[in-house]
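The values are calculated or read from the model by the stated rules, or taken from the named source; none is laboratory data. Since the model is a prediction, treat every value here as computed from it, not as a measurement. Positions of Cβ are generated from backbone atoms using ideal geometry, with glycine treated the same way; all protein chains shown enter the neighbour counts.
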Amino acid sequence: MATALIVGSTGLIGSQLLELLLEDDHYQQIIAVSRTPLPNTNPKLKNVLVDFKSFKNKKEELKADDVFCCLGTTIKKAKSKEAFREIDFSYPMLVAELTKALGAKQYFLVSALGASKSSSVFYNQVKGEVEEAIKGLGFESYHVFRPSLLLGPRVEVRAGEKSMQKVFTAIDFLIPKKYKAIDSIKVARAMLFFAKQQKAGNYIHESDSLQAY
């Protein structure tokens with residue numbers, strides 16, 4: 001029986017992944033890091049309340065076998081490139097460094113389609129940089145998930161995203177599989193599937209392959 005830690009558990013993928021983790025017998029405890037209390041009262045859930053600026057102060061409560069990072073924002077919401085980089089690079093890296101030092105074996109990162117450190121698009125560049133930086137830490141098993149536009153019950157409605165979802169759905173038959181919009185639950189299911197495989201190595205899962213879940 002293993003222990004899982006999840007950050008970003010209130011987001012679209014994270015909230016669905018949290019439910020899957022709690023329902024699965026593979027894990028005896030789920031540690032969910034959040035800034036405010038989660039409404040879930042499942043006895044397997046340990047909700048650690050923390051601001052990422054003081055994340056290291058909670059390290060004794062964050063020991064886990066598998067780590068799931070579902071953090072992510074947009075530059076518009078973050079309000080600056082610097083703030084975006086803090087959330088999408090610094091925080092996932094901080095989680096990786098701390099949990100690796102505490103003995104975590106597997107790390108699962110939600111990235112984005114087109115992620116590349118050499119991209120001319122700042123968003124994709126940061127995603128690519130954090131992918132590579134975490135890879136360099138040497139987890140026994142490291143998986144990166146690169147979904148296309150996400151479909152699903154997002155609590156926070158991002159400006160322009162709802163209309164984009166409608167467009168992608170309407171012209172779905174014209175879009176190559178790699179770029180098709182994807183239901184968030186498929187990404188969550190894939191993360192749990194690969195976690196249970198416990199296969200050593202570094203892996204990147206593109207959006208087209210995630211459609212199977």
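Can you confirm whether region 103-120 contains a residue that is surrounded by fewer than 16 Cβ atoms within 10 Å (Cβ to Cβ) and within 19 Å of ALA2 (Cα to Cα)? Within region 103-120, one or more residues are surrounded by fewer than 16 Cβ atoms within 10 Å (Cβ to Cβ) and within 19 Å of ALA2 (Cα to Cα). Please verify whether region 144-167 includes one or more residues that are more than 19 Å from TYR179 (Cβ to Cβ), modelled with pLDDT of 95 or more and under 16 Å from the mean Cα position of the chain (by Cα). No, there is no match, as no residue in region 144-167 is more than 19 Å from TYR179 (Cβ to Cβ), modelled with pLDDT of 95 or more and under 16 Å from the mean Cα position of the chain (by Cα). Search region 29-46 for residues that are over 15 Å from LYS59 (Cα atoms) and pair each with any residue that is at pLDDT below 95 and acidic (Asp, Glu) when their beta-carbon atoms are under 7 Å apart and the residues are at least 6 apart or on different chains. Sorted first by the residue in region 29-46, then by its partner, the pairs are ARG35/ASP51. Residue check: is GLU23 at pLDDT 95 or above and surrounded by fewer than 17 Cβ atoms within 10 Å (Cβ to Cβ)? Yes: the conditions hold for GLU23. Among residues of region 100-152 being touching a residue at least 12 places away in the same chain (Cβ under 8 Å) and among the hydroxyl-bearing types (Ser, Thr, Tyr), the one that is nearest to ASP65 (Cα to Cα) is TYR107. For region 48-74, filtering for residues that are buried (at least 16 other Cβ atoms within 10 Å of the Cβ) and touching a residue at least 40 places away in the same chain (Cβ under 8 Å) leaves 12.
When you go through THR10, THR36, THR3 one by one, which is the residue that is of a type in the set (S, T, N, Q), in contact with a strand residue (DSSP E or B) (Cβ under 8 Å, 6 or more places away or on another chain) and more than 29 Å from TYR123 (Cα to Cα)? From the options THR10, THR36, THR3, the qualifying one is THR3.
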